[in-house]
Every structure is written in C-alpha cells, then in structure tokens.
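Here's the structure, in structure tokens; my notes come after.
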Amino acid sequence: MNIGVVTFPGSNCDADARHASALTGNTVHSLWHKDTALPSGLDVIILPGGFSYGDYLRTGAIARFSPIMTEVVRFANAGGLVFGICNGFQILCEAGLLPGALIRNQNLSFVCKDVFLRVENTDTPFTNVCSPGQVLRVPVAHGEGRYTASADVIKGLEDSAQVLYRYVTPAGQATDEANPNGSLNNIAGVTNASRNVMGLMPHPERACELLLGSDDGLTVFLSLARHCNVGMA
C-alpha cells in the first residue's frame with residue numbers, strides 16, 4: 001500500500017504519521033503543500049496534525065487553499081482514501097470534504113491527555129479491524145477540537161452511521177465528563193457519505209506502539225492496509 005503524508009508549514013505530526021504508516025509495512029511518500037501533482041499509485045493521503053500556516057484566520061482556513069489540496073480534493077472525489085488527523089480534520093472540513101466544523105474547546109483551554117474512544121462503525125476502510133463498541137485509548141492535543149454542525153447535519157451523520165468514533169469513559173459510556181472539548185454528541189471522528197474520507201480529532205499516530213503507552217491507534221493503519229490489500233487481491 002502506498003501512503004502519502006502531506007506537510008504544510010506548521011505541521012508537527014507529519015513525521016509521526018509517516019512512522020505509523022510504515023509500521024504496517026506500507027510505502028510512505030512525503031508530500032509538500034506546494035505540490036501540484038501526486039505520485040502515481042497512491043492509495044491513501046494523510047493530512048497530519050499541527051498548526052498549518054500558524055492557524056491564522058482559523059484552523060485549516062489557509063491550508064485549504066494550498067496547491068496540494070486541489071489534488072487531495074480530486075483524489076477524494078475519485079474515491080481515493082483520505083485521512084485527516086486533528087489539524088488535518090479541520091482542513092478537510094474547511095475544504096468541504098467533511099461536514100461540520102471544529103471550533104474552540106468548550107473550556108477555552110488547550111487539552112492534552114489520553115482519552116477513550118468507542119468505535120461506532122466497523123464497516124469502513126478506517127475501522128475494519130475493530131470490533132463494534134471496542135474502546136481505544138489514544139491522546140488528544142488541541143485547542144479547537146469541538147465538533148459542531150447543524151442539527152440536521154448531526155442527525156444525518158448519526159442516522160447514516162457516519163460517526164466512527166465517540167468520546168467515552170473507559171467502560172464505554174458517552175458522558176459529559178468523557179468529552180474533552182464539548183463536541184456535539186461526543187463525536188471524535190466522522191466519515192463522508194462515501195466512506196472514503198475520515199477526520200479524527202485524537203492522534204492515533206501517537207498511540208501505535210506500547211512504548212508510547214498504547215498501540216490502539218495502530219488499528220486505523222491496519223484497517224487501511226487490510227482494506228487496500230483485500231481490494232487489490
């Protein structure tokens with residue numbers, strides 16, 4: 001499987017995303033924000049976390065207009081797999097590839113800690129190695145991670161099983177206390193209607209090895225590999 005990881009000015013998780021991608025035996029390509037073409041044979045594009053363009057205007061607003069994003073949008077619209085992590089999630093929302101928006105945390109403070117996520121839908125390229133209701137431990141690190149959308153959009157996401165991850169307690173309960181940023185319905189990650197674009201606010205690439213305290217985040221990368229390898233078989 002070939003994975004491309006984009007670096008924007010201000011990205012700080014691109015190396016982590018490349019490392020996590022390589023752990024499952026993938027070929028990893030470094031993509032630059034000024035690139036106007038993609039390497040041939042890409043299966044997945046990852047937009048990593050960080051502070052693209054210094055988060056000026058608002059998170060993801062400037063990165064959305066990077067030359068590489070024209071190619072990312074074209075790739076996604078053609079059915080290519082696109083995965084946005086934290087700031088990457090924000091960029092995907094700004095680019096219109098995912099519904100909703102990420103706004104300032106409810107407590108107005110930056111949050112950096114481990115959280116627990118419940119897997120809500122395993123019938124996707126990003127979650128297929130998980131079990132329904134499985135609880136994962138991964139870290140968050142953001143100041144603007146509060147997922148919001150209109151009531152109609154939220155209902156549509158819930159009804160069509162586009163919510164892939166939800167903030168929960170270690171026992172799997174979606175409570176206010178388990179929600180680190182005030183996201184509506186405790187939503188941590190969503191996919192588009194076609195199931196080929198996902199945004200996730202927590203950082204699975206920082207939880208891919210037991211040395212880091214958890215390898216639960218590796219499930220995303222294993223799921224992508226499984227999806228692509230089965231599809232290529």
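Here the Gaussian network model covers the chain, with springs between Cα atoms less than 10 Å apart; of 13, 112, 130, 112 fluctuates the most.
Packing order of peptides 83-90, 168-175, highest average first: 83-90, 168-175 (average count of other Cβ atoms within 10 Å over each peptide's residues).
Since only 135, 70, 125 are under comparison, the one whose Cα sits farthest along the positive direction of the charge dipole of the chain, derived from C-beta charges on Lys, Arg, Asp and Glu, is 70. Contact order, relative form, for the chain: 20 percent (alpha carbon pairs under 8 Å, 6 or more residues apart, mean separation divided by residue count). Qualifying chymotrypsin sites (Phe, Trp or Tyr not before Pro) in region 90-130, where qualification requires a DSSP coil assignment and no more than 15 other C-beta atoms within 10 Å, comprise 110.
Tell me what the chain gives for mean residue ellipticity at 222 nm when only DSSP H runs of n ≥ 4 count, each as -39,500 (n - 2.57), the sum divided by the residue total, rounded to 500 deg cm²/dmol.
Helix contribution divided over all residues of the chain: -7000 deg cm²/dmol.
Dipole magnitude for the chain: computed about the Cα centre from +1 point charges on Lys and Arg Cβ and -1 point charges on Asp and Glu Cβ, it is near 200 debye.
Laboratory data are not the source of any read-out in this text; all were calculated from the coordinates shown. Note that this is a predicted model, so its numbers are computed, not measured. In this analysis, Cβ positions are derived from the backbone assuming ideal geometry, glycine residues included, and neighbour counts consider all displayed protein chains.
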